[in-house]
DNA sequence: GTTGCTTCTACAGTCGCTGTAGATTGTATC
DNA sequence: GATACAATCTACAGCGACTGTAGAAGCAAC
């Protein structure tokens, strides 16, 4: 199927994955090394296109690279029962739910903080007090909470 | 108040911030360079202890280092009105809420995927199909969604 | 004196990319 | 054929907020 061969740029557009990211996936072994033209440019077939679409979709769902690597390995062992796949997805879902819970308690505390602020000078700002205040300290309640809001 | 002087280890325990992290905060200018003993060890007073507690609390609430830097600067301009502080917190709250929404839609899609799986072999696994399937592709709907679930 | 803990500096590694520099190749237009 | 511009190539640095490592030195208790 010679007509399906794509340059890296065409593959990028078709999958909505950036060119640099495709090269990155190759460098970490998530994508196989593709064939090259005489001048050394990458050429991709339909298989890579579909694998990349799979990867993109899994990344969109928040699966980590290592989990995707595992899923791809499992893909080739078609005979096996899919409880392993199910387990990976279920673990991930649990992670997502935990994260939502964490963020919800952040949301509550931030709301509480903002409600207390009635304007005025920084010296008496309720938000600043709240941040300096030992009483509301989250880290005393649960040891190492993961707190980053904006990933990537 | 000589009796309040702490070693880096003592400060670490008192604030629940790791020793390496305290040194890191110093290196990025979030904490001032402390005094040293004759042999070169860091010695901290009550001020640093309180600033570090402030930082820790703000980090627990998910504020980024740069936002914390700004909050600390505002702290010293006590005369100013606190609308700037309020703005920082409000922006952050909006970020948290957006993130929760993103994660909820991930949660939904993952649940849907898992519900479809009825066991069996990987070849016909609904989860795998769903991942390979173009139809459910999130990235076609909204361009660059931020998807990492487990930060740090 | 010796064991074992803390601290020191300096630097590499984490994750998942993204951006840069400088060179080459390919395509379209004049 | 010349020229302009886009796409691609490699190699490496940078992001954020730390964490971990190596190797040396200091310090306290037995």
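Here, each number is a calculation from the coordinates, and none is a lab measurement. None of these values were measured; they are calculated from a predicted model. Note that each Cβ is placed from the backbone with ideal geometry, even for glycine, and that neighbours are counted across all protein chains shown.
How big is the shadow of the Cα convex hull of chain A, averaged over all directions, in nm²? Computed as one quarter of the Cα hull surface, the answer is 14.6 nm². Once the Cα atoms are used to define both axes, helix B:83-116 deviates from the longest principal axis of chain B by about 30 degrees. Kirkwood analysis of the Cα pair distances in the stretch B:2-76 returns a hydrodynamic radius of 12.7 Å. Against the longest principal axis of chain A, how steep is helix A:46-60, in degrees 0 to 90 to the nearest 10, with axes from Cα atoms? The angle comes out near 10 degrees.
In nanometers and ordered shortest first, the copy-to-copy spacing of the residue A:28 label point, defined 7 Å from Cα toward Cβ, is 2.1. Among B:111, B:64, B:33, which one shows the biggest mean-square fluctuation in a GNM of chain B, springs joining Cα atoms closer than 10 Å? The residue that fluctuates most here is B:111.
Between A:112, A:91, A:56, the residue with the greatest mean-square fluctuation in the GNM of chain A (Cα pairs under 10 Å linked by springs) is A:112. In terms of Cα atoms, the Rg and Dmax of the protein assembly as shown work out to 24.7, 81 Å. For the protein assembly as shown, the 222 nm mean residue ellipticity estimated from helices alone, with every DSSP H stretch of n ≥ 4 adding -39500 (n - 2.57) and the total spread over all residues, rounds to -18500 deg cm²/dmol. When residue B:111 is represented by a point 7 angstrom out along its Cα-to-C-beta vector, the spacings to that point in the other copies are 1.9 nm, nearest first. For chain A, a Gaussian network of Cα nodes joined below 10 Å ranks A:28, A:122, A:55 by mean-square fluctuation, and the top entry is A:122. Note on the stretch B:83-137: percent of Cα-Cα distances in each 10 Å bin, starting at 0 and stopping at the bin with the largest distance, equals 21, 31, 20, 15, 10, 3.
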